[in-house]
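Taking it in order: structure first as structure tokens, then the write-up.
The values are calculated or read from the model by the stated rules, or taken from the named source; none is laboratory data. Because the structure is a prediction, the values reported are computed rather than measured. Ideal geometry is used to build each Cβ from the backbone, glycine not excepted, and the neighbour counts take in all protein chains shown. Accessible surface areas use protein heavy atoms only, side chains included; no ligands, DNA or RNA. Shrake-Rupley method; radii C 1.70, N 1.55, O 1.52, S 1.80 Å.
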Amino acid sequence: MNLLIKGGRVIDPASGYDQLADVAVSDGVVSAIGKVGADFKPDQVVDAGGCLVVPGLVDLAVRLGEPGHEHESMLASELAAAVAGGVTSLACPPDTDPVLDEPGLVEMLRYRAEKLHQSRVFPVGALTRGLAGETLTEMLELTESGCVAFSQAEVPLANTQVLQRALQYASTFGYTVWLRPQELHLGKGVAASGPLATRMGLSGVPVAAETIALHTIFELMHATGARVHLCRLSSAAGVGLVRQAKADGLKLSCDVSINSLHLTDIDIGFFDSRARLNPPLRQQRDRDALRGALADGTIDALVSDHTPVDEDAKALPFAEAEPGATGVELLFSLALKWSQQDGVALARALATLTSGPAGVLGASVGKLYGSVGHLVVGGIADVSVFDPQAQWMATPQELRSQGKHTPFSTYEMQGRARCTVVGGQVAFHA
């Protein structure tokens, strides 16, 4: 199929390209950017006038609901939500039911996702069997079945020796371990420790829960030489430790969620369960530090942390409600909002959604998808077209995700996907 995306502002953060141009797509790859040959005969033309034409967004944290959580979301609904948000590639955490700790489960998930012809799904395998923190999974077999990394998802490892062995094994074979830094016993609260949690009578999660875990991870990285990606950094103190660790030369990357980038514990309001999230929302100084670190490159990627939760699980007292919020459809709008509020260059904001997270995936996505997160001639044709002036609100009626709960439901959003192309095929068109 030949596709012509005509008249948009084409931005590729990785190369620095930023011009009004046409983009031609043939047989699933980008055949031209800028001057399109007169002999190119498009089967379909997308009018991108007034729009941004960018590499398809890459989201490193999207829960799909399958297998095991079909009452909260379905693979089809969440992948439809992803392409509606301009996300063409996503990483799925291993905390499904059953856990992604067997090659057959990973292969089934990939097969079902590919049959839907929407966003690409890159599964993250479980680091330990059942995420129980005791026995390492067969990482080689999981890698061969399609896993791009290994993680404990939201389940902290209680046994430091198991973590050490996991990092040693991963380092030997060149695998990346994705960890959310949270000490097991200090991280059992439901809100960030501070005056607000105290006044509301909510059990707190201190910053030390993150920093103690970070110190442990960094010491083991020094000892093993492993490559680690830190998921959902949440505190100013954590940012400082990451900045120093990168300066020390550790093979380290990290991300932050749209929730922590924009919200604080004040947004819990009167026990609003939509703001019941992991990691918990912290204070303004933490949010400001995260925004600065994302802008200067200390934090590599912005993620949606998309976690659909059904109505019954949210219609409970705050401390009992299930943590999580829908977010994959909001990713671009909230990145644009941050860019405008903090004066961050548009190309830098887009890099946190494209080349940054693609760099985290790195060689693990394979040669076939080596140009994911980039918009280059000869590269795979994953392209998103956004109208940066579109105004909308994230009401349940507007969201394609089966999860309708988000703390941003009353926010006025700016910027929305108009067309999403995956592998040269139009997967979404508004």
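Look at region 80-103: where a residue is touching a residue at least 24 places away in the same chain (Cβ under 8 Å) and a partner is polar (S, T, N, Q) and in a helix (DSSP H, G or I), sitting 6+ places away or on another chain with Cβ atoms under 6 Å, you get Pro103/Ser145. Return yes when Val36 is modelled with pLDDT under 95 and among the β-branched types (Val, Ile, Thr) and no when it is not. So Val36 passes the test.
What about Asp248, is it within 27 Å of Gly85 (Cα to Cα) and modelled with pLDDT of 95 or more? The answer is no for Asp248. Across region 150-164, the number of residues qualifying as under 16 Å from Met221 (Cα atoms) and surrounded by 16 or more Cβ atoms within 10 Å (Cβ to Cβ) comes to 6.
Among the helices (runs of 4 or more DSSP H) confined to region 291-364, the ones with at least 3 residues that are small (Gly, Ala, Ser) are located at 331-342, 346-351, 355-361. Candidates in region 290-340 are the residues that are under 19 Å from the mean Cα position of the chain (by Cα) and acidic (Asp, Glu); of these, the one that is most open to solvent (accessible area, probe 1.4 Å) is Asp296.
Checked against (1) surrounded by fewer than 17 Cβ atoms within 10 Å (Cβ to Cβ); (2) among the β-branched types (Val, Ile, Thr); (3) modelled with pLDDT of 95 or more, Thr410 meets all criteria but (3). Quick check on my filter: what residues within region 51-73 are closer than 26 Å to Ser371 by Cα, assigned to a loop (DSSP other than H, G, I, E, B), in contact (Cβ under 8 Å) with a residue 60 or more places away in the chain and open to solvent by less than 10 Å² (accessible area, probe 1.4 Å)? Within region 51-73, Gly56, Leu60, Ala61 meet the criteria. The set of residues in region 365-393 being under 21 Å from the mean Cα position of the chain (by Cα), of a type outside the set (A, V, I, L, M), surrounded by 13 or more Cβ atoms within 10 Å (Cβ to Cβ) and assigned to a loop (DSSP other than H, G, I, E, B) consists of Gly370, Ser371, Gly373, His374, Asp382.
Between Arg282, Arg274, which is modelled with pLDDT of 95 or more, open to solvent by 40 Å² or more (accessible area, probe 1.4 Å) and either touching a strand residue (DSSP E or B) at 6+ places or on another chain (Cβ under 7 Å) or under 24 Å from Phe218 (Cα atoms) (or both)? Within the list Arg282, Arg274, the selection yields Arg274. Return yes or no: is Arg287 in a helix (DSSP H, G or I), within 23 Å of Ala345 (Cα to Cα) and either open to solvent by 10 Å² or more (accessible area, probe 1.4 Å) or aromatic (Phe, Trp, Tyr) (or both)? The answer is yes for Arg287. So which residues in region 74-97 are charged (D, E, K, R) and in a loop (DSSP other than H, G, I, E, B)? Residues satisfying the conditions are Asp95, Asp97.
For the condition closer than 24 Å to Leu331 by Cβ and open to solvent by less than 10 Å² (accessible area, probe 1.4 Å), what is the one hit in Ala80, Ala76, Ala48?
Of the residues listed, the single one that is closer than 24 Å to Leu331 by Cβ and open to solvent by less than 10 Å² (accessible area, probe 1.4 Å) is Ala48.
Scanning region 215-248 for residues that are under 23 Å from the mean Cα position of the chain (by Cα) and charged (D, E, K, R) turns up Arg227, Arg232, Arg243, Lys246.
For beta carbons closer than 9 Å, sequence separation of 6+ or different chains, a first residue in region 106-122 that is acidic (Asp, Glu) and a second that is modelled with pLDDT of 95 or more and assigned to a helix (DSSP H, G or I), the qualifying pairs are Glu107/Ser145. None of Ser89, Ser31, Ser26 is open to solvent by less than 20 Å² (accessible area, probe 1.4 Å) and touching a strand residue (DSSP E or B) at 6+ places or on another chain (Cβ under 6 Å) except Ser89. Listed by first and then second residue, the pairs linking a residue in region 208-230 that is over 18 Å from Pro279 (Cα atoms) to a residue that is buried (at least 18 other Cβ atoms within 10 Å of the Cβ) and among the basic types (Lys, Arg), with Cβ atoms under 9 Å apart and 6 or more places separating them unless they lie on different chains, are Met221/Arg227. The listed residues are Asp18, Asp43, Asp22, and the only one of them that is farther than 25 Å from Thr352 by Cα and of a type in the set (Asp, Glu) turns out to be Asp43. Among the residues of region 135-170, the ones that are outside any helix (DSSP H, G or I), touching a Ser or Thr at 6+ places or on another chain (Cβ under 6 Å) and closer than 19 Å to Ala213 by Cα come to 0 in all.
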